[in-house]
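Chemist: Mind looking over this structure? Questions follow.
Read-outs: derived from the displayed coordinates by stated rules, not from any lab. Being a predicted model, the structure only gives us computed values, none of them experimental. When we count neighbours, we look across all protein chains shown, and the Cβ atoms used for this are built from the backbone with ideal geometry, even at glycine.
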Amino acid sequence: MNLTEKIIAAHLDEGEMKAGKEISIFIDQTLTQDSTGTMAYLQFEAMNLGRVKTEKSVAYIDHNTLQSGFENADDHAYIQSVALKHGISVSKPGNGICHQVHLERFGKPGKTLVGSDSHTPTGGGIGMLAIGAGGLDVAVAMGGGSLHLNMPKVVKVELKGALSHNTAAKDIILEVLRKLTVKGGVGKVIEYCGDGVKTLTVPERATITNMGAELGATTSVFPSDETTREFLKAQGRESDWVELSADKDAKYDEEIVIDLNKLRPLAACPHSPDAVRSIRELGKIKIDQVCIGSCTNSSYMDMMKVAKILKGKTVNPDVSLTISPGSRQVLAMLAKNGALADMISAGARILECACGPCIGMGQSPKTDAVSLRTFNRNFFARSGTASASVYLVSPETAAFSAVNGYLTDPAECPQLEPVEMPEKFLINDNLILKPEDFKDVEVVRGPNIKPFPKAEPLKNTVTGETLIVLDDNITTDHIMPSNARLLPYRSNIPYLADWCLNPVDPEFSARAKAKNGGFIVAGSNYGQGSSREHAALVPLYLKIKAVIAKSFARIHRDNLINNGILPLEFVDEKDYERISAGDKLEIDNACHQVASKCGKVIVKNITKGYEFETALPLTDRLMANLLDGGVLNNIAKRR
């Protein structure tokens, strides 16, 4: 077996381990964050399941930390109280980004982790099978339910040699994205092996698995080896280590080889993580902003490399440099060894240990700016400035460029001295609240916390207008924007509904309300990006009956089904070209078509007088969820 198959086999609940077949796996750990967590806990409460059944569940507060009004603080109070009441640990604001902290303090090789954040695969850096999912799937897992998914294909990425010339782990995952694209990982797990693996630290591996989410992959995973053991030992958790690797004769569905010796610094150009080019090819582009941090590149090792580059230098006068350490542990260690002073002396602006600019929570660049970021996504307008050009780069590239004032190839800069992995990290968990320390907790609900919308059972005739026709690669940032203005309302679906698809059509929400809902038509890879369930809950509130697309991103398709919205795929993509906004569509005998198990649904275009075929492959479980109007209705029906 390969490593992916070994972990799945050890956790298999139902199904057959054949690629494409639905399986369910037991979940050992869960994580939530405050952007998606409020809704997940409202759903968990609605199930009346009592205390969580997992080995470890943690609620992180790391996204909505800009408290310009009462809304975010109210959400934090709700999450803390509801989590502690139900047996969930809480990582308080300021303790760090969920994926960085979970890697440091809770992740265990060979365990399964599901999180309500698309970058949960970060845990694959220490040999976990860590999967991002919608909040409702996480709520079910917390209640002891299994996670359902299609058995993935497994892609072997063999790493040969070692990085050199200031090339970084970020360049490895950018190279994988260049080869596979943002759609190339759908339905797959990316499994790393080869002699190059042992040259990478756990934080470097975590950078690669973190950004593997941009491939559309189910997850990514590294073996658990002596390097993993040393990392866990330095975290005071050596007892959590187990050795894990693929068998020597393991089989894979696809194979890729990357020679690390030949790899050179890369950048993802606007506005997609797979628009990858070499920095040498791009040349010396003048820059205005550099942001270093995010769950991709905020580890102690990354920060120390940045500090070494900045020491004794000054940031270019035309550049604004921000640095966000990934955890309080990282920040404390930087403060203790003097590296933080080197950053501050160079002119860096130190932000709190949180997601910050990566999710549009502050630090929007100026008009027409060029911004270099060590983040994982550079989708259009995600930075908060639609006219900005955002490039994704390594911390080394970012730091050298901040000093020079232009995009700088680190391969042409002096070779950095290696940063040594600490023998012991500075451990202080006093901002992680343990539920066993709190008794008789009362749940706190502020006025901004509204009930989530509930779907009705599927009607036998589904009709409505085509409200909008969208292009390929529409992200969840397009469907439900996530920025400093809107994040405080993650628990207020009626308010958020006014902003649905606003980046592509500011009139969409008003039109959907005026037409009493309808259909969304889209191109390929619809719903890529974040796991945010709001991208399904808001359309549900707007009475969207179905989304008809060339193809869907995995998590978003699951979220649509979980909330009773039909995710239909064009069988003939030419039919996509024939539909216009305003066309009236109709699905006759919808319940019968969904329940027929043929995997096809016929849609009529009443306006233009023709019908076309769509695909809707469903298991019995998914069919029941759609017929009942979503998972919560199905659970209530079975009780």
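Chemist: Given 56/450; 284/313; 153/179; 574/604, which pairs have Cα atoms separated by over 26 Å?
Modeler: Violating the 26 Å Cα-Cα cut-off are 56/450.
Chemist: Can you pull out the GluC sites (Glu not before Pro) in segment 554-588 whose DSSP state is coil and whose Cβ has at most 14 other Cβ atoms within 10 Å? Don't skip to the answer; put the middle values down first.
Modeler: Values: sites: 569, 573, 577, 586; in loops: 573.
Listed in order of number, the matching sites are 573.
Chemist: Given that compact globular proteins tend to follow 2.2 N^0.38 Å, what is the ratio of the alpha-carbon Rg of segment 241-325 to that value? Before the final figure, lay out each step's value.
Modeler: Numbers: Rg = 18.2 Å, N = 85, 2.2 N^0.38 = 11.9 Å.
For segment 241-325, the normalised Cα radius of gyration is 1.53.
Chemist: Also, quick follow-up: Give the Kirkwood hydrodynamic radius (Å, one decimal) of segment 28-98, defined as one over the mean of 1/r across all pairs of different Cα atoms.
Modeler: Its Kirkwood hydrodynamic radius stands at 12.2 Å.
Chemist: Average the reciprocal distances over every distinct pair of alpha-carbons in segment 266-409, invert the result, and give the Kirkwood radius in Å.
Modeler: 14.7 Å
Chemist: Taking a 20 Å limit on the Cα-Cα distance, which of the listed pairs 311/366; 53/439; 18/156; 336/424; 170/305; 515/584 fall beyond it? Before the final figure, lay out each step's value.
Modeler: Values: 311/366 27 Å; 53/439 18 Å; 18/156 17 Å; 336/424 13 Å; 170/305 13 Å; 515/584 11 Å.
Distance filter (> 20 Å) returns 311/366.
Chemist: By average Cβ neighbour count within 10 Å, what is the ranking of 186-196, 594-604, 296-306 from highest down?
Modeler: Those peptides, ordered most packed to least, come out 296-306, 186-196, 594-604.
Chemist: Still on this structure, I have one more. How large is the direction-averaged shadow of the alpha-carbon convex hull of segment 201-348, in nm²? If you can, show how the numbers build up before the last one.
Modeler: Numbers: hull surface 46.6 nm².
Value for segment 201-348: 11.7 nm².
Chemist: Determine the relative contact order of segment 266-409: mean sequence separation of Cα pairs under 8 Å and six or more apart, normalised by residue count, in whole percent.
Modeler: 37 percent
Chemist: To check you understand DSSP bridge types, tell me what percent of the beta bridges within segment 542-639 (both residues inside) are antiparallel, rounded to 5. Walk me through the numbers before you get to the answer.
Modeler: Details: 10 of 14 bridges.
Bridges in segment 542-639 are about 70 percent antiparallel.
Chemist: Rounded to the nearest angstrom and ordered from largest down, what semi-axes does the equivalent ellipsoid of segment 462-638 get from its C-alpha gyration tensor (root of 5λ)?
Modeler: Semi-axis lengths for segment 462-638 are 24, 20, 15 Å.
Chemist: Hey, another quick one. By average Cβ neighbour count within 10 Å, what is the ranking of 340-352, 317-329 from highest down?
Modeler: Ranked by mean Cβ neighbours within 10 Å, highest first: 317-329, 340-352.
Chemist: Let me ask something else about it. Quick one: grab Rg to one decimal and Dmax as a whole number for segment 3-259, Cα atoms only, in Å.
Modeler: Rg and Dmax of segment 3-259, Cα atoms, are 18.0, 58 Å.
Chemist: Whole percent per 5 Å bin, from 0 to the bin with the longest distance: what is P(r) over all C-alpha pairs of segment 470-527?
Modeler: Going from the shortest bin to the longest, the percentages are 4, 18, 27, 25, 17, 8, 0.
Chemist: Where the Cα atoms of segment 403-488 are projected onto their three principal axes, how long is each span, largest first, in whole Å?
Modeler: Projected onto the principal axes, the Cα atoms of segment 403-488 cover 67, 51, 26 Å.
Chemist: Then there is this: Which values of log₁₀ I(q)/I(0), to two decimal places, follow from the Debye formula for segment 555-639 at q = 0.16, 0.23, 0.25, 0.26 Å⁻¹ with a uniform point scatterer at every Cα?
Modeler: Result of the Debye calculation: -0.66, -1.13, -1.23, -1.28.
Chemist: Over the Cα atoms of segment 13-64, what is the Rg over Rh ratio if Rh follows Kirkwood?
Modeler: Rg/Rh for segment 13-64 comes to 1.08.
Chemist: Further question on the same structure: I'd like the antiparallel share, as a percent to the nearest 5, of DSSP beta bridges with both residues in the chain.
Modeler: Working: 31 of 89 bridges.
If we restrict to bridges inside the chain, about 35 percent are antiparallel.
Chemist: Hey, another quick one. For segment 266-409, what is the charge dipole size about the Cα centre, in debye to the nearest 20, if Lys and Arg each add +1 at the Cβ and Asp and Glu each add -1 at the Cβ?
Modeler: 180 debye
Chemist: Hey, what's the Cα Rg ratio for segment 200-247 versus the globular rule of thumb, 2.2 N^0.38 Å?
Modeler: Working it through for segment 200-247, the quotient is 1.24.
Chemist: Also, quick follow-up: Only bridges whose two residues both fall in segment 462-638 count here: according to DSSP, what percent of them are antiparallel, nearest 5?
Modeler: Percentage antiparallel, nearest 5: 50.
Chemist: Please give me, ordered by residue number, the chymotrypsin sites (Phe, Trp or Tyr not before Pro) of segment 350-454 that lie in loop per DSSP and have at most 12 other Cβ atoms within 10 Å. Show your work: numbers first, answer last.
Modeler: On the way: sites: 375, 379, 380, 391, 400, 406, 425, 438; in loops: 375, 379, 380, 425, 438.
Passing both the DSSP loop test and the Cβ count: no residue.
Chemist: Related question: Based solely on its DSSP helices, what 222 nm [θ] is calculated for the chain when runs of n ≥ 4 H residues each add -39,500 (n - 2.57) and the sum is averaged over all residues, nearest 500 deg cm²/dmol?
Modeler: -8000 deg cm²/dmol
Chemist: Select from the chain the helices, each a whole stretch of DSSP H, whose alpha-carbon atoms run 20 Å or more along the helix axis and whose Kyte-Doolittle mean is at least -1.0; answer none if there are none.
Modeler: Answer set is 70-85.
Chemist: Going toward the positive end of the dipole of the chain, with +1 on Lys and Arg Cβ and -1 on Asp and Glu Cβ, which of 265, 2, 527 do you reach last?
Modeler: 527
Chemist: Hey, got the dipole for the chain? About the Cα centre, +1 on K and R Cβ, -1 on D and E Cβ, debye to the nearest 20?
Modeler: 660 debye
Chemist: In units of 2.2 N^0.38 Å, what is the alpha-carbon radius of gyration of the chain?
Modeler: Against the empirical 2.2 N^0.38 Å value, I get 0.92 for the chain.
Chemist: I've got another one for you. Percent relative contact order of the chain, based on C-alpha pairs within less than 8 angstrom and at least six residues apart?
Modeler: The value is 14 percent.
Chemist: What does the convex hull of the Cα atoms come to per residue for segment 147-236, in Å³?
Modeler: Cα-based convex hull of segment 147-236, divided per residue, equals 106 Å³.
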